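K.L.:
Take a look at this one; I'll ask things after.
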Amino acid sequence: MIVDVHKIPMDAPDDVSGLRKLIDSGEIHPQNIAAILTKTEGNGNVNDFTRGFSTLAFQLLLSEKLRVPREQVSKRVAIINSGGCEGVMSPHATVFTKEEVRAPEGEVKRLAIGITFTRDFQPEELGTIVQVREVAKEVKEAMKDAGIEHRKDVHFVQVKCPLLTSERVNDATKRGKEVVTTDTLKSMAYSRGASALGVALALGEVDESKLNDSAICKDWRLYSTVASTSAGVELLNDEILLMGNTTKSVSKYTIGHSVMEDSLDVNGVKKALKSAGLKFDCCPDPDSQKKVVNIFAKAGAHPTGQVRDRRTTLLTDSDISSTRHMRAVVNAVIASLIGDPMVYVSAGSEHQGPLGGGPVAAIIQG
């Protein structure tokens, strides 16, 4: 396979002009588009409708270019939107194309992607072991779709998952079912956490015997080092974009990953870049920076509210949620290293890396 990656600036959540230009110029063939991962400038919370707005805009464009009904677009392309571009984070879309070609298997492992979708979940299944197992099953299918045979070659698994709304809670109640929480904001955390544990289960990072409903969003010793999960109101199932390296790919890109131990861990970002194959001493020079296609990171505040034993207001700011603070901080740390604020940082890291930190992955060219 050949996997190509395009990072496209966006002037608004519905700005698809950059992708349209690439399609019209012939640089991207719409039938090869496998996934679109965006950062939109919403608040990232339950009522962040920029995600749905952006999804609709991309669906309409691809419906036009593929000449298929809009409803069919979501069955062939994973469109994953993450809200929140606080600080200097620049709104953008990362478009992944995938094309099957006739070529000898390479000697060097190159970037490959796999796309899968779970079934739609009932409200009472969100944040439970049911969601964990369904995600785990589809992550294994995504590995097959990517042509990746070994778990160690998986470097990032981006999952978009649903959340609970008042209507969904009421639906469960009318059917005599109990949901994991009636707090719609907390439901985002439960859905993210269950999805992340599904990734961990599939990749052997967590033993299944340790997983049950009571472990989700409670036992923080259990986590994935490659999962990145984001919840939204715009869907009912989990969409999975798995990234890794394989000799079955002849892409010009590679991906690597590491873990940020806390929000200031620039060394974790450096390890991810070096894992992807970027060579540098202290820091990437301008020529090396140009080889970085994009960096993907998760961010979450430590339950103590502290960073390196210093008190912060991350958890006590009544006006701004900790997720918004964390996106701004981690983006700034990464941007200062690679010289580009247009990177993907998502917050809410339940079971995604150690407490106060999170997985980080880098795609480089060369």
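The numbers here are math on the coordinates, done by the rules we state, and not lab data. Since we're looking at a predicted model, the values are computed, not measured. In this analysis, Cβ positions are derived from the backbone assuming ideal geometry, glycine residues included, and neighbour counts consider all displayed protein chains.
K.L.:
Quick one: Arg175, Arg133, Arg168, fewest Cβ neighbours within 10 Å first, how do they rank?
P.N.:
Details: Arg175 10, Arg133 18, Arg168 21.
Least to most surrounded, the residues fall as Arg175, Arg133, Arg168.
K.L.:
Given C-alpha coordinates of the stretch 208-250, what is the ratio Rg to Rh with the Kirkwood estimate of Rh?
P.N.:
Numbers: Rg = 14.9 Å, Rh = 13.9 Å.
Radius of gyration relative to Kirkwood radius: 1.07.
K.L.:
I've got another one for you. Can you show me the helix-derived [θ] at 222 nm for the chain, built from DSSP H runs with n ≥ 4 at -39,500 (n - 2.57) apiece and divided by the number of residues, rounded to the nearest 500.
P.N.:
Values: 9 runs with 109 residues, N = 366.
When only DSSP H runs of four or more count, the value is -9500 deg cm²/dmol.
K.L.:
May I pose another question? Relative to 2.2 N^0.38 Å, what does the C-alpha radius of gyration of the stretch 2-99 come to as a ratio? Two decimals please.
P.N.:
On the way: Rg = 12.9 Å, N = 98, 2.2 N^0.38 = 12.6 Å.
Taking the Cα Rg and dividing by 2.2 N^0.38 Å, one obtains 1.02.
K.L.:
Per residue, how big is the convex hull of the stretch 110-243 when only Cα atoms are used? Give it in Å³. Walk me through the numbers before you get to the answer.
P.N.:
Working: hull volume 12.2 nm³, N = 134.
With only Cα atoms used, the stretch 110-243 gives 91 Å³ per residue.
K.L.:
Once the convex hull of the C-alpha atoms of the chain is built, how many Å³ does it hold per residue, rounded to a whole number?
P.N.:
Working: hull volume 48.2 nm³, N = 366.
Value for the chain: 132 Å³ per residue.
K.L.:
Considering Cα pairs under 8 angstrom that are at least six residues apart, work out the relative contact order of the stretch 110-243 and quote it in whole percent.
P.N.:
Working: 270 pairs, mean separation 59.9, N = 134.
Normalised by residue count, the contact order of the stretch 110-243 is 45 percent.
K.L.:
Among DSSP bridges having both ends in the stretch 254-365, what percentage is antiparallel? Round to the nearest 5. Provide the component values of the computation, followed by the final result.
P.N.:
Numbers: 14 of 18 bridges.
Roughly 80 percent of the DSSP beta bridges within the stretch 254-365 come out antiparallel.
K.L.:
A further question follows. Return the ratio Rg/(2.2 N^0.38 Å) for the stretch 223-366, where Rg is computed over Cα atoms only. It would help to have the intermediate numbers written out before the result.
P.N.:
Values: Rg = 15.6 Å, N = 144, 2.2 N^0.38 = 14.5 Å.
In units of the 2.2 N^0.38 Å rule of thumb, it is 1.07.
K.L.:
Relative contact order, percent, of the chain when contacts are C-alpha pairs under 8 Å separated by at least 6 residues? Don't jump to the answer; show the numbers that get you there.
P.N.:
Details: 903 pairs, mean separation 80.1, N = 366.
Value for the chain: 22 percent.
K.L.:
Related question: What number, in percent, do you get for the relative contact order of the stretch 2-99 if the mean sequence gap of Cα pairs under 8 Å and at least 6 apart is divided by its residue count?
P.N.:
Working: 170 pairs, mean separation 47.9, N = 98.
Computed over the stretch 2-99, the figure is 49 percent.
K.L.:
Here's a follow-up. What percentages make up the Cα-Cα pair-distance distribution of the stretch 310-360 when the bins are 10 Å wide from 0?
P.N.:
Taking all Cα pairs of the stretch 310-360, the binned fractions are 23, 50, 26, 1 percent.
K.L.:
Oh, and also: Which ordering of Leu37, Leu66, Leu203 is given by a fewest-first count of other beta-carbon atoms within 10 Å? Numbers along the way, then the final one.
P.N.:
Values: Leu37 26, Leu66 16, Leu203 21.
Listing Leu37, Leu66, Leu203 from fewest to most nearby Cβ atoms yields Leu66, Leu203, Leu37.
K.L.:
As an exercise, find the ratio Rg/Rh for the stretch 93-152 from alpha-carbon atoms, using the Kirkwood inverse-distance average for Rh. Working shown, then result.
P.N.:
Details: Rg = 15.3 Å, Rh = 14.0 Å.
Answer for the stretch 93-152: 1.09.
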